[in-house]
Amino acid sequence: MSKRRSGQARRQSQVAVGSAVLSALIAGGIAVPASADPPIGSKITSIPDAGLRPQPDGLPTLPFGSLSMPRTQPLTAQAALLAQYSAAELELSVLGARRSELYQAYTNSVVAKAMADYAWRATADTLRVAKEAAEAAAVAEYQAAVKAPPRLGDSLGELGQLIPRTESTPETEAVLNDLATAQQAERQAYTVLTAAITAEQQASTAYSAVEKEFKRKEVAFLELKRRLAELQSEADRLREIQEQNLGNYSPGKSNAGLVAAAKAQKAVLFALSQRGKPYRWGDEGPNTYDCSGLMLASYKAAGITLNRVAKDQYYGTRHKTVSKYALLPGDLVFFATDPNDWRTIHHVGMYLGDGWMVHSPRTGDVVRRASVSLGSIDFATRVVDAVPAPNQPNPTHGTTPSPTKTTSPSPTTGTSPSSSPSAPASTSPSPSPKPAESPSPKPPAESPKPAESSSPDPDPVPAA
């Protein structure tokens, strides 16, 4: 009962609040929208006005300004020409497809005309035979009519003999029917032939027009292609120059404390001097090279003779294999089909250092410098033994000071001094205070320390 009473009280309070709000609106002069339902019994004659909808008035305003239009980047001459080339290529391909269609239609029209001409000639021959048969029948009928007795009586006399008979025989009727059929077939065949000739002429005209347009567009396209090839060739040349620009390159780069031997450096410089010369299989210079021919000529210029073929060059230097990570300029790098079988070697190059090599790649290419990934190298050999880098300390000198450092203090302290000078001191009348107090041996023991510490200090670095 308490819940029910509390619900009734809540509803009554809500009604009271609503009545108070409505009274305040009316008292304040605020208009309350009327009900949308029409009065009872009235007729609806028009659709109620729904009001005006908001209209867009331009781009929306952003908190930090208006929308910006996209900026177009200026095209380079090569990019603009490439765009023209692509558009011309597309247009030419569409025109070429249209030309192929029209050529096929023209070919079909030529075949149709030939077939129509053949059919018409056949009907013309049939008509000629029918005409000959009809003429023969007419002559025979006329002759028979002349020989027949006159039908107009004796009043015409001899004139009646000149009038032929009008009745025809069944044979004559058949011949005339064949003639009419042949004439109709010939007219139909000729109509078909005339239409085929017209279609062939129209197809020829359409094809000729497209062919002429295609040739004109093709000339323009080839000109664009030539210009683009020139720009591309110039860009390739500049890139090649940039790529091949070795700057302060020196074949004496060190790796693991070693540098290439003088002959290996000479071979590297010779190989680089051959850049730009075309590849040609089986050639070893001086104007064209294949891959192993370039290696052969380069080391031949340094006074070393290699085998001729790439895999034979590996086999001849196999006793001087080198790790990929210890390569020096002049080392031969080999590429094989099977990295585990040297007999599958198919290409060789000369390492330059810093991930570059010089080689003669393939037909249509030239001797050039190229980047090489260490992971792509299957075998590597060194033709001439490397030598120590000139800036590196001598290994023998690095090991001698270290024993002097460890042993020099012990002999000085162990043989310490005082014994040899003490002998003459003992003969003196007052030897006891001098040997006991004498600090003179210590300074000599400490004085070599700085001199020795200056030489042994760098020793631990090379040793490490």
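Nothing in this text is a laboratory measurement; each read-out follows from the coordinates by a stated rule. Please read all numbers here as calculations on a predicted model, not as lab measurements. Every residue, glycine among them, receives a Cβ derived from its backbone with ideal geometry; neighbour counts consider all protein chains shown.
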task: Determine the alpha carbon to alpha carbon distance for each of Lys253/Lys277; Lys113/Lys215; Lys225/Lys300 and list only those over 32 Å.
output: Lys225/Lys300
- request: Could you run the Karplus curve 6.51 cos²θ - 1.76 cosθ + 1.60 with θ = phi - 60° over the stretch 101-117 and give me ³J(HN,Hα) per residue in whole Hz, x for Gly and Pro?
  value: 4, 5, 5, 5, 5, 5, 4, 5, 5, 5, 5, 5, 5, 5, 5, 5, 5
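If R0 is 41 Å, what FRET efficiency do you get for Ala124 and Arg216 from their C-beta distance, rounded to 0.05?
Calculated value: 0.40.
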- line: Sorted largest first, the C-alpha extents of the stretch 254-388 along its principal axes in whole angstrom are 38, 32, 26
query: Over the Cα atoms of the stretch 258-333, what Rg and Dmax result, in angstrom?
result: 12.2, 35
- request: Neighbouring Cβ atoms within 10 Å as the yardstick, rank Leu328, Leu179 fewest first.
  value: Leu179, Leu328
field: Estimated vicinal HN-Hα couplings, Hz - the stretch 200-210 in sequence order (Karplus 6.51, -1.76, 1.60; Gly, Pro = x)
entry: 5, 5, 5, 5, 5, 5, 5, 5, 5, 5, 5
message: Give me a comma-separated list of calculated 3J(HN,Hα) values for the stretch 177-185, in order, Karplus coefficients 6.51, -1.76, 1.60 applied at θ = phi - 60°, integers in Hz, x for any Gly or Pro.
response: 5, 4, 5, 5, 5, 5, 5, 5, 5
field: Percent RCO, i.e. relative contact order, over the stretch 254-388, from Cα pairs under 8 Å lying at least 6 residues apart
entry: 32 percent
query: For Ser254, which sequence-distant residues (separation of 5 or more, or a different chain) have an amide H within less than 5 Å of its own amide H, given hydrogens modelled in the peptide plane?
result: none
message: Which residues among the stretch 357-375 fall inside the zone where the amide N is under 20 Å from a point 7 Å beyond the Cα of Ala326, along Cα→Cβ?
response: 374-375
task: Mind sorting Ile304, Ile345 by how few other Cβ atoms lie within 10 Å of their own Cβ, fewest first?
output: Ile304, Ile345
statement: Footprinting proxy, Asp378, Asp385: sorted fewest to most Cβ within 10 Å, the residues are Asp385, Asp378
